[in-house]
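Q: Sharing a structure with you now.
The values are calculated or read from the model by the stated rules, or taken from the named source; none is laboratory data. Bear in mind the structure is a predicted one, so any value in this text is a computation, not a measurement. Quick reminder, even Gly has a Cβ in these numbers, built from the backbone with ideal geometry, and neighbours come from all protein chains shown.
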Amino acid sequence: MKNSFFKIACLLMLLLGGLSTAQAAEDVTMTLSTETQRFTPGKDYEINVDVTNNLTVKALQGDIVFPKGLTAVKSDVENGYFEVSSRIPHSANSSMDVNAAMINDSTLRFLVLPARGREFMPAGEGTILTFKVHASDALATKSTILLDNARATTTTGDDNISNKLDEVTLLVKNTKFVPELILSINDIDVNVNKPVAVPVLLTNEPAYYGEDIDSLTALQFDVQVPEGASINTDDIVYGNRLQQSHIVAVTKMEGNTYRFMVSSSSLGKIRGNNGELFAFYMTTTNTVPEESVLKVTNQVFSTVHGQRYVSDNADLAPDFDVKVTNHRNIYDLNNDGVVNAMDVQIIHNAYHDTTVDSTKDLNNDGVINAKDVQIEHNAYHAQ
């Protein structure tokens with residue numbers, strides 16, 4: 001098996017050692033990606049090999065070098081390790097084959113070669129291969145997966161160009177050593193002009209070694225609400241996880257953004273490791289779409305010992321969006337929270353106005369006429 005693999009490798013080197021050498025960055029780049037960089041010992045994780053190529057690619061190779069504590073998972077796919085994406089041609093008449101083998105205890109080599117016909121990988125971007133790794137207890141706090149010895153042959157007509165690609169790395173972290181710090185807000189379902197309580201939840205599981213994330217005392221984060229929504233900065237419901245010394249201060253920033261700051265003058269610890277910290281009240285108007293999002297950004301956490309944790313999408317406390325479902329009352333035309341005679345007067349005025357306001361077109365037929373007036377009257381009398 002290894003002999004045939006290295007014969008293929010020799011063929012590839014002939015292909016990749018073609019007529020000329022190009023600047024790789026201009027034509028082909030190869031990177032590694034994964035949904036999460038936080039690996040838990042005992043679990044398997046998928047990693048993608050991604051390629052961006054401005055020219056047609058005729059052949060590819062690369063060595064994936066694993067750190068201690070990560071091993072490639074062999075599967076029942078044809079090449080033994082890699083799921084192959086549709087970016088690599090594969091048909092009865094024309095295809096490119098993917099070959100793979102462990103060339104030593106920590107290095108997985110892959111080769112992508114033309115097999116039948118003359119169909120190669122066209123210009124484009126995205127994942128070409130996906131493989132799995134298994135994490136063990138030997139994985140360090142922070143480790144690096146290396147993509148090395150990467151080359152690509154591009155073709156323009158009759159010319160083959162050999163590209164030596166840049167070495168790339170993918171940082172992964174062992175959750176056994178890196179604390180879990182997750183601020184969250186559940187999806188929000190709200191009726192127009194009726195304040196809804198929005199709980200703020202925190203998971204702050206301590207690491208097994210050396211971290212004191214279970215000694216959090218303070219945090220801050222920003223919340224951007226949809227246009228037409230607002231947060232009551234003076235109405236906070238404190239949860240049991242906060243000490244009596246804790247204060248939650250909410251400040252209106254620019255635009256639709258509010259800054260939340262939780263602090264304790266006596267450095268009181270936030271109790272426990274899971275659950276609700278506090279709740280705030282949000283109110284919407286008819287101008288808020290039926291479906292929108294609330295954005296949470298700029299998270300900062302502090303422990304009683306002065307350790308700070310700052311938002312980092314690759315590590316702790318990533319930014320996130322919260323789905324907001326707004327149940328609008330289309331008959332409350334002035335957004336005052338009730339349907340009354342004022343709304344009836346508004347629809348009458350709109351009826352006599354030559355300008356069509358879509359918010360007053362209650363039956364969505366493109367005109368404001370007696371039918372819309374009647375609909376508003378019916379809504380008023382139904383109160």
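Q: Among the listed residues ASP321, ASP372, which satisfies the condition of being charged (D, E, K, R) and either at pLDDT below 75 or within 27 Å of LYS269 (Cα to Cα) (or both)?
A: ASP372
Q: Can you name the residue in the stretch 80-124 that is of a type in the set (Asp, Glu) and either over 25 Å from GLY157 (Cα atoms) or at pLDDT 95 or above (or both) and, of all such residues, is surrounded by the fewest Cβ atoms within 10 Å (Cβ to Cβ)?
A: Checked the stretch 80-124; the qualifying residue surrounded by the fewest Cβ atoms within 10 Å (Cβ to Cβ) is ASP105.
Q: Scan the stretch 174-184 and tell me whether some residue there is touching a strand residue (DSSP E or B) at 6+ places or on another chain (Cβ under 9 Å), of a type in the set (Ser, Thr, Tyr) and under 22 Å from ASP50 (Cα atoms).
A: No, that holds for no residue.
Q: May I pose another question? For residues that are within 13 Å of ASP332 (Cα to Cα) and either in a helix (DSSP H, G or I) or modelled with pLDDT of 75 or more (or both), tally how many sit in the stretch 346-364.
A: 4
Q: Return the only residue of VAL262, VAL304 being within 30 Å of PHE177 (Cβ to Cβ), modelled with pLDDT of 80 or more, in contact with a His (Cβ under 7 Å, 6 or more places away or on another chain) and of a type in the set (Val, Ile, Thr).
A: Result of the check over VAL262, VAL304: VAL262.
Q: Still on this structure, please answer the following. Is there a residue being crowded, with 18+ Cβ neighbours inside 10 Å, at pLDDT 95 or above and in the same structural domain as PRO122 (by TED's automatic domain parsing) anywhere in the stretch 72-79?
A: Yes, there is a match, as at least one residue in the stretch 72-79 is crowded, with 18+ Cβ neighbours inside 10 Å, at pLDDT 95 or above and in the same structural domain as PRO122 (by TED's automatic domain parsing).
Q: May I pose another question? For the stretch 181-200, name all the residues that are in a strand (DSSP E or B) and surrounded by fewer than 17 Cβ atoms within 10 Å (Cβ to Cβ).
A: Listed by number, the residues that qualify are ILE182, SER184, ASP189, ASN191, VAL196, ALA197, PRO199.
Q: Can you tell me which of (1) closer than 15 Å to VAL133 by Cα; (2) within 24 Å of the chain's Cα centre (by Cα) is the one ASP50 doesn't meet?
A: For ASP50, the exception is condition (1).
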